[in-house]
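Where a number appears in this text, it was derived from the coordinates with a stated rule and is not lab data. Given the structure is predicted, the values throughout are model-derived calculations rather than measurements. Quick reminder, even Gly has a Cβ in these numbers, built from the backbone with ideal geometry, and neighbours come from all protein chains shown.
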Amino acid sequence: MRLVLGAAVAAALAAAAAAPAQRDLPTRDCSTRIEAGSGPIAFPRRGLVVGPVALSAVDASRIRLYRDDSGRYFAKSALLIKAGHTASLAVPPPFRGLMLLAHARPEPAPLVRFEACRPETRAFSYDGTVGRVTAFNGGFVLTRPGCYPLDIRVDGGGATRVRLPFGRPCR
């Protein structure tokens with residue numbers, strides 16, 4: 001009986017460690033947004049758009065990479081989300097040794113949750129309100145160029161998997 005109970009406890013702990021609860025995710029809320037300084041941010045019509053979520057500086061051909069002194073690669077990409085929505089980005093487990101999300105604070109992480117501002121939130125960099133789109137700075141940290149998957153969830157729904165061409169096209 002002890003052996004069975006011990007195995008069950010070990011399995012539960014492993015499952016909890018592998019899939020953190022939504023509340024344990026690094027979360028970016030309205031207080032951590034960025035602003036354009038000239039007025040509300042417009043939602044893009046092109047690029048990587050999944051429902052009410054978009055990633056800037058991402059297109060189908062190639063994402064520009066910058067290399068730092070440690071030899072790691074960095075790709076800038078702000079996340080934009082329409083008011084009234086939440087979203088999360090997740091690097092699938094097999095790729096977490098190759099790519100992390102620099103949207104997390106203070107350190108890159110494999111999972112990040114985003115909460116849009118209410119449209120009437122007062123802006124801090126211009127006179128007026130945030131409007132219908134909230135933007136968050138960040139990007140991706142990689143060990144090497146390649147084509148990597150990213151899971152995007154909107155409002156707690158199912159994941160949409162996209163492929164990101166970091167430094168070379170996805171085939």
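Per-structure values
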read-out: Point-to-point label distance, SER70-CYS170, nm (Cα→Cβ direction, 7 Å offset); value: 2.6
read-out: Only Lys, Arg (+1) and Asp, Glu (-1) charged, at Cβ; the stretch 23-166 dipole about Cα centre in debye; value: 380
read-out: Most mobile of ALA104, ALA123, ALA54 in a GNM of the chain (Cα contacts under 10 Å); value: ALA123
read-out: Sum of -39500 (n - 2.57) over DSSP H runs of 4+, divided by residues of the chain (222 nm, nearest 500); value: -3500 deg cm²/dmol
read-out: For the stretch 82-87, Karplus couplings with θ = phi - 60° (6.51, -1.76, 1.60), whole Hz, Gly/Pro x; value: 6, 3, x, 10, 10, 8
read-out: ³J(HN,Hα) computed for each position of the stretch 51-56 - Karplus, 6.51 cos²θ - 1.76 cosθ + 1.60, integer Hz, glycine/proline x; value: x, x, 10, 9, 10, 6
read-out: Helix 2-18 axis, angle to the chain major axis (alpha carbon atoms, nearest 10°); value: 20
read-out: Gaussian network model of the chain, springs between alpha carbon atoms under 10 Å - residue of SER56, SER31, SER77 with greatest fluctuation; value: SER31
